[in-house]
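First the structure, in the form of structure tokens, and then the observations on it.
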Amino acid sequence: MVPARLVGLNGSLITRVLAAVMMLVPVVSPAQEKPRARDLGIVVGTLQAGPANAITDVPGVAVGHRTVASGDSINTGITAILPHGGNLFLDRVPASIHVINGFGKLLGIAQVQELGELESPILLTCTLCVWRAADALAEHLLAGSGMENVRSINVVVGETNDGRLNDIRLRPIASSDVVSAIQSARSGPVAEGSVGAGRGTVAFGWKGGIGTSSRVVQTERGAGSYTLGVLVQSNFPGDLTISGVPVGRRLAARAIGMRTAPGESAGSIMIVVATDAPLSSADLGRLARRAVFGVARTGASGSSGSGDFVIAFSTAESTRRRAGDQPRPTSSAAVEVSGDRLNALFQAVADATEEAIYNSLFTATPVTYRGRTTEALPVAQTLEILDRHAARRTVER
């Protein structure tokens, strides 16, 4: 609708005024409704996925997005991952960070590595937006109840560079975007693809984005189960491989006239791993390192200019720490998982990471930047290639 004060102005002036207004007001993209990898018969590994096949299958974990898009030059956003619904500064979770390749701007890494704990939500965003996002997150947390006397806080903000689809030098993230992402965080199904911090990312030359997956791991002697979930922000190059099939090469042979060539030379990935298994920060580090196997299976090699990080944390009540204190005493009913009993979790994190990357591609939608569109992975052609290799199977629900 044209504002009343513009009635009577000539059409070209109205157009210019409205265009200027739209450039100043970020819009939120709706959740994408595209089939995920598993819906299409692309099943990774033998472990069962959780109910939502998402990181939010881990009890207490919530994810929120704020997608910032305007015109054809602003394509970025914020994705927030909350380990639990309480005050993380006062009720911290054990955590570890693994650096695959360090050409990135992961704020908060030093203290997590030193103390082995996480005291803030995890934010993902664009490279040049990191500092604005971190400042907004710190301001939001310090204003919370019980934080009146806090004089030091370690916020964790990761990124990938979405400059191919976003006017990144504008640093188009506001404090309100950070607060919106945090306040919108929910459990259950997670919006994937070209949303939040995945709005402007590119993977394997196709539109990348946010992807997630989960696995349920049975404990010894059938005493119960643990859940492990992964969320990725995919923005990296490579030779796309799905279920062992060199899909990228087959698609490239058909991609005459494609505006975005697969296998671009730079990019990054952020991987967030959550589990309710009671793990120490040391064993969370071991878990984080196994996520790399899942990335490698998709055809990535880790370019020199990439910032590739894995952030892993446990939500188990028995492993949490009050600010400044040691871990809570471990009860006999929640003995810390370690040693050979980690093997199933190692398998779970590799499989969930691989599937999360596939989901980031299959759910992505095309995004245009200044007249140049990065297309989504062509699903029909991809499935045709996989079928020629008998690489799909039916999933029992």
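The values are calculated or read from the model by the stated rules, or taken from the named source; none is laboratory data. Just so it is clear, the model here is predicted, and its values are computed rather than measured. Cβ placement follows ideal geometry from the backbone for every residue including glycine, while neighbour counts extend to all protein chains displayed. Calculation scope for accessible area: heavy atoms of the full protein, side chains included, ligands and nucleic acids excluded. Shrake-Rupley method; radii C 1.70, N 1.55, O 1.52, S 1.80 Å.
List of remarks:
- Residues being closer than 23 Å to S360 by Cα, touching a helix residue (DSSP H, G or I) at 6+ places or on another chain (Cβ under 9 Å) and either at pLDDT below 95 or assigned to a loop (DSSP other than H, G, I, E, B) (or both) - total across segment 279-305: 4
- The criterion of at least 1 residues that are on the phi < 0 side of the Ramachandran plot and surrounded by fewer than 24 Cβ atoms within 10 Å (Cβ to Cβ) is met, among strands (runs of 3 or more DSSP E) falling completely within segment 53-132, by 62-70, 74-82, 91-102.
- Residues (in a helix (DSSP H, G or I) and either touching a Lys or Arg at 6+ places or on another chain (Cβ under 9 Å) or open to solvent by less than 20 Å² (accessible area, probe 1.4 Å) (or both)) located in segment 183-196: G196
- Within segment 269-307, the residues that satisfy the criterion of being over 19 Å from the mean Cα position of the chain (by Cα), surrounded by 21 or more Cβ atoms within 10 Å (Cβ to Cβ) and within 19 Å of E114 (Cα to Cα) are L279, S281, D283.
- Tally of residues being closer than 30 Å to P366 by Cβ and outside any strand (DSSP E or B) across segment 200-234: 5
- Of all residues in segment 191-211, exactly one satisfies the criterion of being in contact with a helix residue (DSSP H, G or I) (Cβ under 6 Å, 6 or more places away or on another chain) and of a type in the set (D, E, K, R), namely E192.
- Candidates are the residues of segment 133-158 that are of a type in the set (G, A, S) and part of a loop (DSSP other than H, G, I, E, B); the one that is nearest to S268 (Cα to Cα) is S152.
- Residue ID - nearest to V349 (Cα to Cα), chosen from residues in segment 197-230 that are of a type in the set (K, R) and open to solvent by less than 30 Å² (accessible area, probe 1.4 Å): R215
- Residue match in segment 13-21 (condition: at pLDDT 95 or above and touching a helix residue (DSSP H, G or I) at 6+ places or on another chain (Cβ under 7 Å)): no
- A348 vs. criteria under 27 Å from the mean Cα position of the chain (by Cα) and either within 21 Å of T212 (Cβ to Cβ) or modelled with pLDDT under 95 (or both): yes
- Residues being farther than 15 Å from F204 by Cα and touching a strand residue (DSSP E or B) at 6+ places or on another chain (Cβ under 9 Å) - total across segment 374-397: 5
- Pairs with Cβ under 8 Å, 6+ apart, first in segment 352-371 and over 20 Å from L40 (Cα atoms), second surrounded by 24 or more Cβ atoms within 10 Å (Cβ to Cβ) and among the charged types (D, E, K, R): V367/R199; V367/K207
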